[in-house]
Amino acid sequence: MTFLFELLIAFFLIVSGIFGFVGSFGMIKLKDPMSRLHAPTKATTLGVGGVLLASICHSVLLEGKLSLHELLITLFLFLTAPITALFIAKWHIHRHEQPQDLPDAGEDEIWATHAVEQVEDVPDHSAN
Amino acid sequence: MKLLHRIFPHPHLTILLTLVWILLANAPSLNSLVFGLLLGIIIPFVTQPYWPDRPILRNWPMVVEYMLVVLWDIVMANIAVARIILFKRDADRQPNWVCIPLELRTPEAITVLAGTITMTPGTVSCDLSAQGHNLLVHCLDAPNPDQVRDQIKSRYERRLKEIFE
């Protein structure tokens, strides 16, 4: 029976390893900055989720005690990861996108990032 | 009743904080329960001025359904995005901006929707329109932006509307 449990734990670890790898590989392969933003959101969901599931399974099945503070890591990741992504995306829109390049914002006419005055005298990093 | 409301401005937050503290301690005991309750009472009381409104959850079974749908979509979307990254040539990929007109009006509901869109791989919510009526979403590979918009509206927004409004 212990063997089956270990098999299950190993399965979760391998799944998380694969998705963690694909997420990192995506950072290299994808060329534009907005697409690169997609790779880390993958690693935080299934990549971290797999390790946490394996950890819960290990403590419950093999050590015989309930350990659930892994759930908190999931909770905190789900609270913080979207905010980081939003900040990076807003920076990109602010520096590299013109209002006419984005889709129409409907009745509001302009996206919130463009609704502020553009800063002119900052150094331009778009060349690299 | 009014006094009770003054002492417990956010009853849900009190329960959530107590639960989080017990999970943090990782050993359910009377000790951690009492201390968690203390934190659960003090923190909402102190932060009350910054959070005057109470979000109301109208449909609890729908909350559970929403969480299950999102978890399922995260797994499915992870596999789909992994296939795009590993097997699709970068030139064939069609990254796209999608504008999603929002029917949701409560800030909490829009926050949850934007967070959900970011956490499901393949889509990242990037910006709100100036008055908060539209959501700008970036898709990793979307040959058909309208389909993405309809899917987000029917899968997530419809359920969130039932939960929050």
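Taken residue by residue, the stretch A:75-84 has no member that is at pLDDT below 85 and in contact with a strand residue (DSSP E or B) (Cβ under 9 Å, 6 or more places away or on another chain). Can you tell me which residues in the stretch A:51-76 are within 14 Å of the chain's Cα centre (by Cα) and not aliphatic (A, V, I, L, M)? Once the filter is applied, which keeps residues that are within 14 Å of the chain's Cα centre (by Cα) and not aliphatic (A, V, I, L, M), the stretch A:51-76 yields A:THR74, A:PHE76.
Criterion applied to B:ILE117, B:ILE110 was being within 27 Å of A:LEU71 (Cα to Cα), surrounded by fewer than 21 Cβ atoms within 10 Å (Cβ to Cβ) and either within 14 Å of another protein chain (Cβ to nearest Cβ) or among the β-branched types (Val, Ile, Thr) (or both), and the one residue passing it is B:ILE110. With respect to being aromatic (Phe, Trp, Tyr), under 30 Å from B:LEU24 (Cβ atoms), at the interface with chain B (Cβ under 10 Å from one of its Cβ atoms) and free of Cβ contacts under 8 Å to residues at least 40 places away in the same chain, A:PHE21 falls outside the description.
Using the structure shown, decide if A:THR74 is at the interface with chain B (Cβ under 7 Å from one of its Cβ atoms), assigned to a helix (DSSP H, G or I) and in contact (Cβ under 8 Å) with a residue 12 or more places away in the chain. Spelling it out, it is not the case that A:THR74 is at the interface with chain B (Cβ under 7 Å from one of its Cβ atoms), assigned to a helix (DSSP H, G or I) and in contact (Cβ under 8 Å) with a residue 12 or more places away in the chain. A single member of B:PRO143, B:PRO49, B:PRO44 is away from every other protein chain (no Cβ under 14 Å), touching a helix residue (DSSP H, G or I) at 6+ places or on another chain (Cβ under 6 Å) and outside any strand (DSSP E or B), and it is B:PRO44.
Inside the stretch B:1-41, residues that are touching a helix residue (DSSP H, G or I) at 6+ places or on another chain (Cβ under 8 Å), assigned to a helix (DSSP H, G or I) and not polar (S, T, N, Q) make up a count of 19. In the stretch B:92-110, the residues that are in the same structural domain as B:CYS139 (by TED's automatic domain parsing) form Cβ pairs under 6 Å with partners that are small (Gly, Ala, Ser) and part of a helix (DSSP H, G or I), at six or more places apart or across chains, as follows: B:PRO95/A:SER35; B:PRO101/A:GLY106. The residues of the stretch B:37-53 that are surrounded by 12 or more Cβ atoms within 10 Å (Cβ to Cβ) and within 15 Å of B:HIS12 (Cβ to Cβ), listed by number, are B:LEU37, B:LEU39, B:GLY40, B:ILE41, B:ILE43, B:PRO44, B:PHE45, B:THR47, B:GLN48, B:TRP51. Taken over the stretch A:18-45, the criterion of being part of a helix (DSSP H, G or I) and charged (D, E, K, R) is satisfied by A:LYS29, A:ARG36, A:LYS42. Quick one: would you say B:VAL81 is more than 16 Å from the chain's Cα centre (by Cα) and either under 21 Å from B:SER154 (Cβ atoms) or assigned by TED's automatic domain parsing to the domain that holds B:THR118 (or both)? Spelling it out, B:VAL81 is indeed more than 16 Å from the chain's Cα centre (by Cα) and either under 21 Å from B:SER154 (Cβ atoms) or assigned by TED's automatic domain parsing to the domain that holds B:THR118 (or both). All of B:LEU113, B:LEU160, B:LEU71 fail the test of being closer than 19 Å to A:PHE19 by Cα and assigned to a helix (DSSP H, G or I), apart from B:LEU71.
Checking A:VAL15, A:VAL48 one by one, the residue that is assigned to a helix (DSSP H, G or I), buried (at least 16 other Cβ atoms within 10 Å of the Cβ), over 14 Å from the mean Cα position of the chain (by Cα) and of a type outside the set (Asp, Glu) is A:VAL15 and no other. For the stretch A:51-71, residues that are at the interface with chain B (Cβ under 7 Å from one of its Cβ atoms) and either surrounded by 18 or more Cβ atoms within 10 Å (Cβ to Cβ) or of a type outside the set (Gly, Ala, Ser) (or both) total 3.
Among the residues of the stretch A:80-114, those that are among the polar types (S, T, N, Q), more than 7 Å from chain B (Cβ to nearest Cβ) and in a helix (DSSP H, G or I) comprise A:THR80, A:THR84, A:GLN100.
The values are calculated or read from the model by the stated rules, or taken from the named source; none is laboratory data. Just so we're clear, the structure is a prediction, and the values are computed from it rather than from any experiment. Glycine also receives a Cβ, built like all others from the backbone with ideal geometry; neighbour counts cover every protein chain displayed.
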